[in-house]
Amino acid sequence: MLYRVDTSSPEPLFEQLAHQVRVAILSGTLQPGDKLPSARELAAALDVNLHTVLHAYQLLRDEGSLELRRGRGAIVTAHSAEVPERVRRAITALVAEADAANLGPDTILTLVKEALK
Amino acid sequence: MMTHDSPARTARPARAFYLLALLPSIAILAVGVIMPLIWQPEMPETLPTHWGTNGPDAFGSFASAFIIPLAIMLAVIIILTIVMRFAGKDSSAQRIGIVTTTTLASLGTAITLTTGFNARGAVDPTKIDLPDAAIATGVVIGLLLGVVLAALLPTPKYSLATAHPDVLAPRTQLGEHETGVWLARQFSKSNLIAGVTAVVGLIVLAVVSKAYFALAIAALLSLGLLAMFLWDIRVDSSGLTVRSSIGLPKKYVPLAEIESAQVISVSPLTDFGGWGWRTDLNGTLGVVLRKGEALEVSMSDNRKFVVTVDDAAGAAGLLNTLVERSR
């Protein structure tokens, strides 16, 4: 699995990593029971601070996506993550419309967040 | 900057390989012949040449018991060395060759030394035992010696790659300020099957033949095989690293030596002659854990490395992008 961090992005590094893991879980790239690389290994490979990776893992644990166990590492939890095709299509359509209307990601995310309230 | 094609550069590792693979082994075999020759006056005329579950079951002269087996062992070792030198372009394959020849020589000598010693002063050849505990110990010592010798084989210095990855090779989009790594954990069904089969088979054999000590050692080695059933594969800015979850064996390919990466499909039996850490007829080193999708890396000096892994396209894409960045 690919992990990437963009140091020039305004998004904090730990959030970038957490986002990638969430997407991997949603897309099925990561299955329940899969073990993520150790925080130390990932931090060393990406050349980021260990605490950055730990922060990402802890965030995912708090969301219920990961289980962090002493000695065993970070395991993907077995919670259902099936995204119906209709929803995926709606999201793709939304992105296309936003693009056509020249609206940036921040605007769209604000509107979606508002709509989810 | 052209790398000068120096025959000296390849000759030195070749000489080192022959020295390490043959010299100690021949010396060990020599001891295995000389000692029984010294003891021969104290031995009976007829000697055991083969043992079954109930002791010796075939007999012959001194030569057929002590000289011929070691001569055969010597021939095997020499053939193995020659094959290894040409088929094993990768130094890890040559190291395995060194361990193999040393262990085989130790096996032959352990057998002739221990049975020769037992034959001294013996009157009845049917009472000359095959001391499996002593032989197993001898083999283990030989194996350890082989490992030490293998570690002495110098790693060749490879050229830096200058080429760019092929235009159609997979690439991962990475932003200017983005770093990427690709990590995978691959399960080796073949290691699991081989390890379990070996352990179970050896337990059955131990019970049937009562050679517990020797088989206990073999079982321990099989557990080692079993332990290598998880592999960690990593692509990052340093290059490609493939290692078993217990640390060894390990193959590190520096980014500077990589020309290009692509996805191929591997058929273990036809392409590599089996599973595991293997080389094919072209000298390509392969970590073949299963049939199917694999990452193939082309390196400087006409080398290739293959590892069977899921999402090989992700690994190849990142490798090519990182290689391009570094050139």
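The values are calculated or read from the model by the stated rules, or taken from the named source; none is laboratory data. Remember, predicted model here, so these are calculated numbers, not experimental data. So basically every Cβ, Gly included, is an ideal-geometry build from the backbone, and we count neighbours across all protein chains shown. Quick note on the areas: whole protein, heavy atoms, side chains included, nothing else; ligands and nucleic acids left out. Shrake-Rupley method; radii C 1.70, N 1.55, O 1.52, S 1.80 Å.
Quick one: which residue in B:Ile77, B:Ile82 is assigned to a helix (DSSP H, G or I), at pLDDT 90 or above and β-branched (Val, Ile, Thr)?
Going through B:Ile77, B:Ile82 in turn, just one is assigned to a helix (DSSP H, G or I), at pLDDT 90 or above and β-branched (Val, Ile, Thr): B:Ile77.
Do you know which of the residues in the stretch B:175-197 that are surrounded by fewer than 17 Cβ atoms within 10 Å (Cβ to Cβ) and either over 30 Å from A:Glu11 (Cβ atoms) or aromatic (Phe, Trp, Tyr) (or both) is farthest from the other protein chains (Cβ to nearest Cβ)?
Ranking the candidates gives B:Thr197 first.
What is the residue count in the stretch A:24-56 for residues that are open to solvent by 50 Å² or more (accessible area, probe 1.4 Å) and in contact with a Ser or Thr (Cβ under 8 Å, 6 or more places away or on another chain)?
Selection size over the stretch A:24-56: 2.
Condition test on B:Leu130, is it assigned to a loop (DSSP other than H, G, I, E, B), over 30 Å from A:Val48 (Cβ atoms), open to solvent by 30 Å² or more (accessible area, probe 1.4 Å) and touching a Phe, Trp or Tyr at 6+ places or on another chain (Cβ under 8 Å)?
Details: assigned to a loop (DSSP other than H, G, I, E, B): yes; over 30 Å from A:Val48 (Cβ atoms): yes; open to solvent by 30 Å² or more (accessible area, probe 1.4 Å): yes; touching a Phe, Trp or Tyr at 6+ places or on another chain (Cβ under 8 Å): yes.
Yes, satisfied.
Do you know which of the residues in the stretch B:285-298 that are surrounded by fewer than 21 Cβ atoms within 10 Å (Cβ to Cβ) and touching an Asp or Glu at 6+ places or on another chain (Cβ under 9 Å) is nearest to B:Lys89 (Cα to Cα)?
The selected residue is B:Ser298.
Yes or no, residue by residue, for (1) buried (at least 17 other Cβ atoms within 10 Å of the Cβ); (2) at positive phi; (3) small (Gly, Ala, Ser):
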| site | (1), (2), (3) |
| --- | --- |
| B:Gln173 | no, no, no |
| B:Val199 | yes, no, no |
| B:Ala218 | yes, no, yes |
| B:Leu223 | no, no, no |
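Quick one: which helices (runs of 4 or more DSSP H) lie wholly within the stretch A:1-79 and hold at least 3 residues that are within 11 Å of chain B (Cβ to nearest Cβ)? Please lay out each step first, then the result.
On the way: elements: A:13-27, A:39-46, A:50-63.
Per the criteria, A:13-27, A:39-46.
Only residues in the stretch A:86-100 that are within 16 Å of A:Leu111 (Cα to Cα) count as the first member; pair them with residues that are among the hydroxyl-bearing types (Ser, Thr, Tyr) and assigned to a helix (DSSP H, G or I), Cβ under 8 angstrom, at least 6 apart or cross-chain, and list the lot.
Close Cβ pairs (under 8 Å, with a partner that is among the hydroxyl-bearing types (Ser, Thr, Tyr) and assigned to a helix (DSSP H, G or I)) amount to A:Ala98/A:Thr107.
Give the stretch B:229-269 a look and list any residue that's open to solvent by less than 30 Å² (accessible area, probe 1.4 Å), in a strand (DSSP E or B) and at pLDDT below 90, or say none.
Answer for the stretch B:229-269, where residues must be open to solvent by less than 30 Å² (accessible area, probe 1.4 Å), in a strand (DSSP E or B) and at pLDDT below 90: just B:Ser244.
Spot the failing condition for A:Val83; the list is (1) hydrophobic (A, V, I, L, M, F, W, C); (2) more than 14 Å from every other protein chain (Cβ to nearest Cβ); (3) in a helix (DSSP H, G or I); (4) surrounded by fewer than 17 Cβ atoms within 10 Å (Cβ to Cβ), and only one is missed.
With respect to (1) hydrophobic (A, V, I, L, M, F, W, C); (2) more than 14 Å from every other protein chain (Cβ to nearest Cβ); (3) in a helix (DSSP H, G or I); (4) surrounded by fewer than 17 Cβ atoms within 10 Å (Cβ to Cβ), A:Val83 is out only on (3).
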